[in-house]
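Values in this text are rule-based calculations from the coordinates and carry no lab data. Not measured: the values here are computed from a predicted model. Here Cβ is always computed from backbone atoms with ideal geometry, including for glycine, and neighbour counts include all displayed protein chains.
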Amino acid sequence: MFEGSEPGLLFAGPSGSLIRAEDYVDVGIPVVMPKDLTNNDINTASIKYVAERQANDLERFRLQLGDVVLARRGELGRCAVVREEQQGWLCGTGCFVLRPPAELNADYFAAYLRSTEARQWLDAHSTGSMTMKTISLNALSELPVALPDLGVQQAVADAMRQLDEHERRLQEQLALTQQIRRDSLMGLLRS
């Protein structure tokens, strides 16, 4: 994956036999699933939890600051970088975790995974149907990654973060505009 650099740690989340449907509780340690990887972040709106006791049994799947969590099925290239408040959460079924080596900026790598080039490579090396693609750990470990020096990586990550923020604001404006349109239409129809 990273020619000429020290390897990072790349691992798959737990199998379905380690976290079963009946293991989820209302309050506890969050478990990050592919559905939670939205808008370049971990969305907690419908995140599931396991009890602390079970999370301790799954210690090797605990997320650390700067880990990159990525979907291994569905929309390949969907990913998020683990932030401070998400440390200690669990990687769930259907995800991979990359613990980047020192020469790789996590935000740069996440931006790269979301790029058209990386998504096309992931699609070409995936298995499964058009609606549910899956990438294997072995295939992912072969992903070619452009690895400029850390200064360039940071500049790319900063630029992508600014664009992500701009996109988020535009989406909020669009949602507000659509709500105003609906409310206006309803007001006109009632008149």
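Quick query: amide H of Arg72 versus all other amide H atoms, modeled in the peptide plane; which residues come in under 5 Å with a sequence gap of 5 or more or a different chain?
Amide H neighbours of Arg72: Cys95, Phe96.
If packing is taken as the average count of other Cβ atoms within 10 Å, what order do 153-163, 126-136, 108-118 fall into, highest mean first?
108-118, 153-163, 126-136
Give the shape of region 87-133 as rounded, prolate or oblate, defined through the alpha-carbon gyration tensor: a ≥ b ≥ c are the square roots of its eigenvalues, a/c under 1.5 means rounded, and otherwise the shape is prolate if a/b is larger than b/c and oblate if not.
oblate
Where Rh denotes the Kirkwood radius from the mean inverse Cα pair distance, what is Rg over Rh for region 64-164?
0.96
At a Förster distance of 30 Å, what's the computed FRET efficiency of Asp41 paired with Ala155, Cβ-Cβ distance as r, to 0.05?
Efficiency for this residue pair is about 0.90.
Sorted from fewest to most neighbouring beta carbons within 10 Å, what does the list Trp121, Trp89 look like?
Exposure proxy ranking, most exposed first: Trp121, Trp89.
Would you list Lys35, Lys48 from fewest to most Cβ contacts within 10 Å?
By the 10 Å Cβ count, ascending: Lys35, Lys48.
For the chain, with only Lys/Arg (+1) and Asp/Glu (-1) charged at the beta-carbon, what is the dipole magnitude about the Cα centre, in debye rounded to 20?
The dipole of the chain has a size of about 780 debye.
May I ask which residue of Gln162, Thr177, Ala106 lies farthest towards the positive end of the charge dipole of region 83-191, with charges of +1 (Lys, Arg) and -1 (Asp, Glu) on Cβ and the Cα centre as origin?
Positive-most Cα among the choices belongs to Thr177.
FRET efficiency for Glu59 and Asp123, Cβ-Cβ distance as r, R0 = 25 Å, nearest 0.05?
0.15
Based on Cβ point charges of +1 for Lys and Arg and -1 for Asp and Glu, what charge dipole magnitude is obtained for region 22-118 about its Cα centre, in debye rounded to the nearest 20?
240 debye
Using just the C-alpha positions of the chain as equal point scatterers, what log10 of I(q)/I(0) does the Debye formula give at each q in 0.08, 0.15, 0.18, 0.19 1/Å?
-0.31, -0.93, -1.23, -1.32
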